[in-house]
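The values are calculated or read from the model by the stated rules, or taken from the named source; none is laboratory data. Quantities reported herein were computed from a predicted structural model and do not represent experimental measurements. Cβ atoms come from the backbone with ideal geometry, glycine included; neighbour counts cover every protein chain shown.
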Amino acid sequence: MRVTALSGGVGGARFLRGLLAHIDRTPELAGSTVTVIGNTGDDITLFGLRVCPDIDTVLYTLGGGVHEAQGWGRSDETYAVHGELGALGVPPDWFSLGDKDFGTHIARSLWLGQGLSLSQVTARLAQRWGLPDRGVTLLPMTDTPVETHVVVDEGEGPRAVHFQEWWVRMRAAVPAERFVVAGMDRATPAPGVLDAIRTADVVLLPPSNPVVSIGIILGVPGVRDALRGTRAPVVGVSPLVSGRPVRGHADACLSAIGIPATSAAVATLYADFLDGWLVDDSDADVAMPDGVRTLARPLLMTDIPAAADIAGAALDLGRDLRGR
């Protein structure tokens with residue numbers, strides 16, 4: 001099978017790891033390929049280096065080098081460089097990068113400075129982490145630099161902060177008035193993105209943030225049209241369990257755009273192209289949008305086998321929809 005997935009960071013990466021585990025344990029799926037279209041709306045320049053948090057989380061998770069407890073960053077990390085930057089008074093102090101992680105960002109920034117596109121840089125990083133050997137192609141959603149900003153008001157009038165500052169430093173505790181994606185008006189899909197959607201046997205939406213991960217990918221001109229036009233069934237996995245995000249601040253993001261924090265409401269964000277929708281058992285009795293095939297099952301990715309079961313259920317639903 002040719003599987004295409006739109007992914008954010010931690011939740012998407014863990015789902016994708018489960019998907020690969022499911023493929024590995026299913027003989028009839030031998031030889032399947034997975035193309036991941038990664039969110040780059042979280043990207044930020046820190047300490048003069050270009051950082052792509054969601055792309056890197058997918059790389060480290062699928063490559064076996066992620067910090068499991070955090071879900072992001074490198075395992076067995078040290079922070080000597082970050083400590084020295086702090087001693088020198090170099091901001092920001094709210095975003096910590098480990099020494100191994102710095103290596104990724106230095107290489108990326110060097111290659112971008114030499115004229116390589118983000119797609120080409122990502123392909124080099126994917127090779128380092130062995131993703132092609134597992135049948136995985138990782139594509140940034142666009143090669144155009146884009147950054148999500150959040151308009152907030154802390155009592156002194158509205159101002160815009162980078163999404164990472166709102167997410168990490170503020171912990172989304174300051175209500176977002178709206179999201180603004182700088183550079184999106186100039187963005188075009190990265191090479192291979194639209195073809196991956198159009199030629200897929202099934203398209204999956206992992207349980208990534210529907211507003212600032214999946215939603216940002218859908219904002220790239222042409223992506224949503226490709227999803228509407230693909231012959232492949234599009235199957236999504238709800239990021240909410242009993243109306244709450246398993247991790248992160250998806251509820252705060254939904255509130256900012258006036259959408260209730262329910263699995264049914266999230267499905268409406270994809271209603272123009274969504275064919276199948278996995279929800280948690282706790283949401284089994286919630287009315288879903290008409291025309292969307294819904295399957296209820298446990299959605300907590302407590303470990304890799306649990307994530308594999310969820311990914312397998314999504315893939316099976318897609319295959320069933322394709323057969324019909």
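For this structure, a couple of remarks:
- When VAL286 is tested against (1) of a type in the set (Val, Ile, Thr); (2) over 16 Å from LEU205 (Cβ atoms); (3) under 18 Å from the mean Cα position of the chain (by Cα), only condition (3) is not met.
- Checking each residue in the range 72-86 for being hydrophobic (A, V, I, L, M, F, W, C) and in a helix (DSSP H, G or I) picks out ALA80, VAL81, LEU85.
- Matching residues in the range 257-271 - criterion: being in a loop (DSSP other than H, G, I, E, B) and either among the hydrophobic types (A, V, I, L, M, F, W, C) or touching a Leu at 6+ places or on another chain (Cβ under 8 Å) (or both): ILE257, ILE259, PRO260, ALA261, THR262, LEU269, TYR270, ALA271
- Candidates GLY291, GLY248, GLY312 - the one that is within 20 Å of GLY18 (Cα to Cα) and in a loop (DSSP other than H, G, I, E, B): GLY248
- Of the candidates ALA126, ALA172, ALA69, the single residue that is touching a residue at least 40 places away in the same chain (Cβ under 8 Å) and assigned to a loop (DSSP other than H, G, I, E, B) is ALA172.
- One residue from GLY312, GLY248 being within 20 Å of the chain's Cα centre (by Cα), on the phi > 0 side of the Ramachandran plot and touching a residue at least 12 places away in the same chain (Cβ under 8 Å): GLY248
- Residue in the range 87-97 that is crowded, with 18+ Cβ neighbours inside 10 Å and among the β-branched types (Val, Ile, Thr) present: no
- Checked against (1) in contact (Cβ under 8 Å) with a residue 24 or more places away in the chain; (2) outside any helix (DSSP H, G or I); (3) among the charged types (D, E, K, R), GLU165 meets all criteria but (2).
- Filter pass, GLY276 being touching an Asp or Glu at 6+ places or on another chain (Cβ under 9 Å), without any contact (Cβ under 8 Å) to a residue 60 or more places away in the chain and either under 22 Å from VAL58 (Cα atoms) or buried (at least 19 other Cβ atoms within 10 Å of the Cβ) (or both): yes
- Selection within the range 279-294: residues that are over 15 Å from ALA311 (Cα atoms) and touching a residue at least 24 places away in the same chain (Cβ under 8 Å). The member of this set that is surrounded by the fewest Cβ atoms within 10 Å (Cβ to Cβ) is PRO289.
- Condition check for PHE95: within 26 Å of the chain's Cα centre (by Cα), outside any helix (DSSP H, G or I) and touching a residue at least 40 places away in the same chain (Cβ under 8 Å): yes
- Test set (1) without any contact (Cβ under 8 Å) to a residue 60 or more places away in the chain; (2) under 19 Å from the mean Cα position of the chain (by Cα) - TYR270 fails condition number: (1)
- Pick from the range 44-64, criterion in contact with a helix residue (DSSP H, G or I) (Cβ under 8 Å, 6 or more places away or on another chain) and either part of a loop (DSSP other than H, G, I, E, B) or modelled with pLDDT under 95 (or both), ranking: surrounded by the most Cβ atoms within 10 Å (Cβ to Cβ): CYS52
- Within the range 1-43, tally of residues that are more than 10 Å from the chain's Cα centre (by Cα) and assigned to a strand (DSSP E or B): 6
- Any hit, the range 230-243, residues being at pLDDT below 95, part of a loop (DSSP other than H, G, I, E, B) and not hydroxyl-bearing (Ser, Thr, Tyr): yes
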